Amino acid sequence: MFRVIPARPAPSGETGVLAWLRRNLFSSAANTLLTLATGAVLVSALAGLLRWALFDAAWAQVWANMRLLAVFRYPTDLLWRPLVVLAVLLLLLGIMAGAARRNEILRGAFWWVTGFVALFALTAVVFWPSVRWFWLAAGLAPFIGYGAGVARPGLLRAMRWAWALWLVGGFALLHGIVPGSVLLRIAPTRDWGGFMLTMVLFTAIVPSFPLGVALALGRRSRLPAIKTVCIAFIEVVRGAPLIMWLFVASLLLPLLLDTDPNNLPAILRAYVAITLFSAAYMAENVRGGLQAVPRGQIEAAQALGLSGWQTTSLIVLPQALRAVIPAIVGQCIALFKDTSLVFVVGLIDFYRVTEVIATQPASLSITGGVKLELYLFISLVYFFFAYRMSVASRQLEKRLGGGTR
Amino acid sequence: MERIPFWRNVKTIGVLAQVVFVMVLLAGVAILFSNVTSALSRANLPADFGWLGSRAGIPIAETPIPYTTNDPYWRALLIGLLNTLRVALVGVVLASVIGVAVGVMRLAPNFLIRTIATIYVELLRNVPLAVQIVFWYTAVLLPSPPRINNPVELPGGVLLSNVGLAFPFLYPGDRFAAWWPWLVTAVLAALVGGIWRARVARAAELPLRVWPVPVALLLGIAAVGYAVAAFGQPEKSALAVDFDVERGRGTVFVDLDGDGRRGAGERAVPFASTVVRVELAELTTSTQNLSESRRMVPSTFRFPLIRDRDVAEVEVGFVDADAAEQAGYRLHFEHFPSRGVVYVDHDGDGAFSRGEEIDPVTGVGYSGVELVMTLRGFERAIVADRDGQIRTPSFRPAGSALAADDGGGDTVGRGVGVFSSFGAAATEAEIEPLRAEVDLRASGPLVLSRVHVPVSSYEGGMRLTVNYLALLFALVIYTSAFIAENVRGGILAVDKGQREAALALGLSSGQVFSLVVFPQALRVMLPPTISQFLNLTKNSSLAPLAAYGELFVIATITANQTGASVPVALLLIVSYLLISMVFALVLNVVNARIKLVER
Amino acid sequence: MILPDAPAPVRADAPGGGERIIEIEGLNKWFGDFHVLRDIEMSVNKGEVVVVIGPSGSGKSTLIRCINRLEEHQQGRIVVDGIELTDDARAIERVRRETGMVFQSFNLFPHLTVLDNITLAPVRVRKWRKSQAEERARFFLAKVGIPEQEAKYPAQLSGGQQQRVAIARALTMGPKVMLMDEITSALDPEVIGEVLEVMVTLAKEGMTMIVVTHEMGFAREVGDRVVFMDGGQIVEVGTPEHFFTAPREQRTRSFLSKIL
């Protein structure tokens, strides 16, 4: 006679930590051996690394050159400028994260950046008296912004303008506005460098975006002349490496504009090259999104009587761009890493500062030099940002995938 | 029918828009063009390609084809392109191997393996390639390996030092010419055989294996040809070696006039197999305090690399034995007889202990102690290089170091060479003149060239500089992280049911992977992986960071020297576009094939 | 591991006198904390056709996947052709060699032709010569009624043809038991018949089969026993006639009323 057999808990060792250990580390004799061997190698390697990092490594040279790494030779009395730009950036980020705090991806990224800045703010407050108060302000800005965003979610609507203002104003402030004045005098671009320059070049992704969208639309245009030109531009630019375009731009831009090379600072030339290069890749990403928009969407829009431009801007682009956000974040990562190539036009970005530091007399007196330490330090910083972006990209991919299906 | 005004006609608008667009574009191009021409003429810079034929004068360390600084620019640029391909092709193969391994490890059942693979991928993908190249170049490969005159000896005759990696390599020998037609025949036969076999398979509608037939043909004919060429009639030609033992240099050449000296018009012969014998000779060196691999190595002496099989008898002593005994100097060998330290036996135990190589008074090592190595019966098989050159250590006549020392000179090193070559100063009759003989040996179609270190560079074998290695390592490791992700994605894309079906048929887990899962994953991962191959090739343009002379580096130097920035830029763009197009072609072929099989 | 006061499970024992080829005793399986198979007691004789029915999530697929160890069980014994399934890799491989399995989603290897799909395992596992394996493969392809398709790739065949290739693939290994996991569920209605026909032929030739299916017509024609499962346990066992005429349990009745 049938009676329901009640569910019983799984026998011990089937669930929980032990089961996990057994399944993942000791599932068979061979696996156990593998675990022990790799474990031993891993532990000894980690111990060696730790011992080296704590006792043998010459971190002092990294520590002593923090300013070079951060802003290179940006005038000391003007250090408040990049810090103000940073503080406003964090303020805006804070407002966005606070206003849209149900967006976990944005919030997660925001707190990550905030934590990173807070680390430096704390260090500055303790060790770097000259920039103590500005760093403190930069450290507090995200919290203020977050608070404001939580209190006034309506601020989110003004963000587009705020960002544009920040970008333009930030450049103006960093560069200086009134020649000869004390506060707003010009800071020559040859003194720009370090992490600040890396970030400045990274913003080239912003102008590359509308350019890329235009190129992508042009590539799908029905008009052969426009289509051909767009395809040629995209394929030629993508066909050669960025470092070559940087080199070519630094040679050719002065010729193309028939001006003295000194009138065109290296940063400007690099910025143009990076923007155009990035736009070509952006165009390909956007094109992927455009292709993903079903034909029926366009037909429905046309049937409703929307014009060609309206169909593109109101129906097709919003869907296409949404679909390619992860790819665009991926491109941000690539560009962030690729800014390290500007050494080829003589710029001293975050990566290239290491060469300057390594050739200082103090560094040369250290046995074997300090390059290893320097490279590890900057690798860590690059990794910190690039990895966080890739995490965000994966989260976005997951959410978009789940949302559209 | 009402006529449509042209500004409302969809067709006209399109044409009009294009006309306007093209006109604006042309105007822009025209302005830029006139700007460039006027700027170029004002600065008096070349705008044509005439400079390609003039002397380049660019020193290039690695030249896959013969090159001197007297060669023209086009040849230098060609070498740059070849060097690009050299690093790219090897890099693509290695990156694939590592990428597949790491990608599979990412899915391993063992948590530790999985974690290590994940860390590998995330770490390497998220650090700029530029940083990775300089890391390998200036932080690992330049400072870490030992210096060239005492390289690490790895199994199989592989040598590693701060100059690079060198390993034995096969070169075309004397009778390569006799083998050559066989090789051509083998390749042709393999082609014909492959096509025939594929035809048969198609005709029979059977999925026959095609590859064993062409491979068997290729190897079979090549092997028979090798045997025939090796045992056939030796080629009669009057080769001779012009060898100067004191400089340690010689040239193998065709001795037309039979005088044993290389005269004008007498062609050097590459890759000849020789044996160099020196009956009695000596080498000198002195100790130094060096920093190496981020540590100090005091009181170190280093002779050129001499192995047991090179000599019948070898002995190392102090040039000034009396002074050494007074100071209490002793020798401790880390690698007899080439490398060791000079120490003073402070603790009196008769053996070397750590710290005894440092002078307690000064706190540093004993530097400048002169040592002499006496060799009897030196004999070494040397294969001449591409230019017919052979090199040995710069031997001195036995006893000359002592003589020079007695002569009161404190310059032992190069001084001796000067003494004996002028044949003037030797005060004692003890100095025996150097006697060297060089035998030429017959070799087969291929000759195995081993690596040796005569003075401070590798000779023989295949040599890879640290510059090449650093760029290669960085490119391979960076790209392998991306390929690993493609592999992982490909494997995950294979339906779970495939695995289960294969297991249910009784296949072992290894067979399931290699016969069922991997072939299917390959289709998913191949297209993105090919674009990674292209990325690797394009990324090789970061070579200036490792001072490796590939296309971009040579082109930048050329542009700087000639000022021909526009032509050089055009050359670069066209070269990279060509490379990209080749990859695009491969990608299309692969995509087509994948589609074909899937249908 | 049944406690004295626990309800006694329903046993699905094969009739006496036959030669036992599968024996399952006290089988329990968990997915994490989820108790998916509860105290299964079952045996199968050589030549028997056992049809397993039940609502989705009842554990019927999991049960037959345990028989060739595609799923690992945590308690109880499974003996197939005298080999007990344990962690011993050799035992698992031997059992898999002797049992053929056909899946709902065919799981043909898309990168191999039909012939290669079928000969892969005989050549690699049984170590037959390729020609011998191909001969056998053609024999079974003819038997399942698609002799002309051997050079095609799976994607070029219809669903019914693919499933018949999958059956031929399992048969070519010469299995002693065939496990069939809802093999007609993913097929278009008009091609179900051709697959069922093959199944009936097999059953009539005396192949031992455990079939998870909702095709009661098949059960009625060739099934020796029907096992109804629900909630991870065996609810009722009987001949097909028993299920069509007088199912005992309320659960059985309500399930049958839905599918018939």
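The values are calculated or read from the model by the stated rules, or taken from the named source; none is laboratory data. A quick note: this is a predicted structure, and the numbers were derived from the prediction, not measured. Neighbour counts are summed over all protein chains in view; Cβ atoms, including those assigned to glycine, are modelled from backbone coordinates with ideal geometry. For accessibility, only protein heavy atoms count, side chains too; no ligands or nucleic acids. Shrake-Rupley method; radii C 1.70, N 1.55, O 1.52, S 1.80 Å.
Comparing A:344, A:116, A:106 along the charge dipole axis of chain A, the residue lying farthest to the positive side is A:106, per the Cβ-charge model. The alpha carbon centroids of the stretch B:1-73 and the stretch C:71-109 are separated by 69 Å. Label-to-label distance for residue A:156 and residue B:591 is 3.9 nm, based on points extended 7 Å past Cα in the beta-carbon direction. Rounded to the nearest whole Hz, the Karplus-based 3J(HN,Hα) values (6.51 cos²θ - 1.76 cosθ + 1.60, θ = phi - 60°) of the stretch B:56-69 follow the sequence 7, x, 8, x, 10, 6, 10, 10, x, 10, x, 7, 10, 5, with x at glycine and proline. Highest mean packing first, where packing is the average number of other Cβ atoms within 10 Å per residue, the peptides B:470-482, B:374-386 line up as B:470-482, B:374-386. Would any residue of the stretch B:309-326 have its amide N under 18 Å from a label point 7 Å out along Cα→Cβ of residue B:277? List them or say none. Only B:309-314 pass the distance filter.
Backbone N atoms of the stretch B:246-272 closer than 15 Å to the 7 Å Cα→Cβ label point of residue B:455 belong to residues B:246-251.
Rounded to whole numbers, the Karplus 3J(HN,Hα) couplings from phi for the stretch C:218-234 are 4, 4, 5, 6, 10, x, 7, 9, 10, 10, 9, 10, 7, x, x, 9, 7 Hz, using 6.51 cos²θ - 1.76 cosθ + 1.60 with θ = phi - 60°, and x at Gly and Pro. What shape does chain B take by its C-alpha gyration tensor, where a ≥ b ≥ c are the square roots of the eigenvalues and a/c under 1.5 counts as rounded, a/b above b/c as prolate, and the rest as oblate? It comes out prolate by the Cα gyration axes.
Report note on the peptides A:379-385, A:222-228, A:157-163: ranked by the mean count of other C-beta atoms within 10 Å, highest first, their order is A:379-385, A:222-228, A:157-163. With Cα atoms defining each centre, the stretch A:335-405 and the stretch A:209-275 are spaced 25 Å apart in the structure.
Rounded to the nearest 20, the Cβ-based charge dipole of chain A about its Cα centre (Lys and Arg +1, Asp and Glu -1) stands at 1400 debye. For a modelled paramagnetic label at residue A:228, 7 Å from Cα along Cα-to-Cβ, the residues of the stretch B:11-41 in reach, with backbone nitrogen under 17 Å, are B:14-30. Taking every DSSP beta bridge that has both residues in the protein assembly as shown, what percent is antiparallel when rounded to the nearest 5? Counting only bridges with both partners in the protein assembly as shown, antiparallel ones make up about 80 percent. Among the trypsin sites (Lys or Arg not before Pro) within the stretch B:1-80, those in coil by DSSP and having at most 11 neighbouring Cβ atoms inside 10 Å are B:3, B:8.
With a cut-off of 13 Å between beta carbons, the residues surrounding residue B:447 carry a summed charge of +2, where Lys and Arg count +1 and Asp and Glu -1.
Would you please give the FRET efficiency between residue C:142 and residue B:582, computed as 1/(1 + (r/R0)^6) with r the Cβ-Cβ distance and R0 = 51 Å, to the nearest 0.05? Don't skip to the answer; put the middle values down first.
Details: r = 48 Å, r/R0 = 0.95.
The pair residue C:142/residue B:582 has a calculated efficiency of 0.60.
Only protein heavy atoms count here, probed at 1.4 Å, and on that basis chains C and A bury about 1600 Å² of accessible area in total. With no solvent and one equal point scatterer placed on each C-alpha of the protein assembly as shown, evaluate the Debye formula and give log10 I(q)/I(0) for q = 0.06 Å⁻¹, two decimals. So the normalised log intensities work out to -0.78.
Just by accessible area at a 1.4 angstrom probe, what is the order of B:394, B:540, C:131 from largest to smallest?
Putting B:394, B:540, C:131 in descending order of accessible area: C:131, B:394, B:540.
Oblate is the label for the stretch A:41-108. Its Cα gyration tensor axes, ordered a ≥ b ≥ c, give a/c of at least 1.5 and b/c at or above a/b. Charge tally for residue B:348 (other residues, Cβ to Cβ under 13 Å; Lys, Arg +1; Asp, Glu -1): -3.
Taking every protein chain into account, the accessible area of the stretch A:256-405 amounts to 45 square angstrom per residue (probe 1.4 Å).
Say the dipole of the stretch B:309-408 comes from +1 at the beta carbon of Lys and Arg and -1 at that of Asp and Glu; which of B:335, B:317, B:353 then lies farthest toward its positive end? Positive-end residue among those listed: B:335.
Average 1/r across all pairs of distinct alpha carbons in the stretch B:1-154, invert it, and you get the Kirkwood radius: 23.1 Å. Interface burial in the stretch C:150-186 reaches 20 Å² or more for C:151, C:153, C:155, C:156, C:169, comparing the full protein assembly with the chain by itself; accessible area from heavy atoms with a 1.4 Å probe. When only Cα pairs below 8 angstrom with a gap of at least 6 residues are kept, the stretch C:27-153 shows a relative contact order of 17 percent. Counting only protein chain heavy atoms and rolling a 1.4 Å probe, the accessible areas of C:242, B:335, B:452 rank, largest first, as B:335, C:242, B:452. Accessible area of residue B:123 (1.4 Å probe, protein heavy atoms only, ligands and nucleic acids ignored): about 80 Å².
Using a 1.4 Å probe, what is the accessible area per residue for the stretch B:1-100, in Å²?
On a per-residue basis, the stretch B:1-100 sits at 64 Å².
Buried between B and A is an accessible area of approximately 4700 Å², summed over both sides with a 1.4 Å probe.
Of the GluC sites (Glu not before Pro) in the stretch C:154-260, which ones lie in a loop per DSSP and count no more than 12 other C-beta atoms within 10 Å?
C:205
Of the residues making up the stretch C:230-255, those losing 30 Å² or more of accessible area when the isolated chain is joined by the remaining protein chains, with a 1.4 Å probe, are C:233, C:249, C:251.
When a 1.4 Å probe is rolled over the protein heavy atoms, the share of accessible surface on the stretch C:104-175 that falls to carbon and sulfur comes to 48 percent. What the Cβ-Cβ distance of residue B:74 and residue C:79 gives, at R0 = 51 Å and to the nearest 0.05, is a FRET efficiency of 0.05. For the set C:143/C:204; C:176/C:204; A:227/B:11; C:29/C:60; B:496/C:176; B:496/C:29, the pairs lying more than 23 angstrom apart at their alpha carbons are B:496/C:176. Based on protein heavy atoms only, the stretch A:75-186 ends up with 56 Å² per residue of surface accessible to a 1.4 Å probe.
In loop segments of the stretch A:55-148 as defined by DSSP, the trypsin sites (Lys or Arg not before Pro) with at most 14 further C-beta atoms inside 10 Å of their C-beta are A:102. Using the alpha-carbon atoms, what tilt in degrees (0 to 90, nearest 10) does helix B:10-43 show relative to the longest principal axis of chain B? Compared with the principal axis, the helix lies near 20 degrees.
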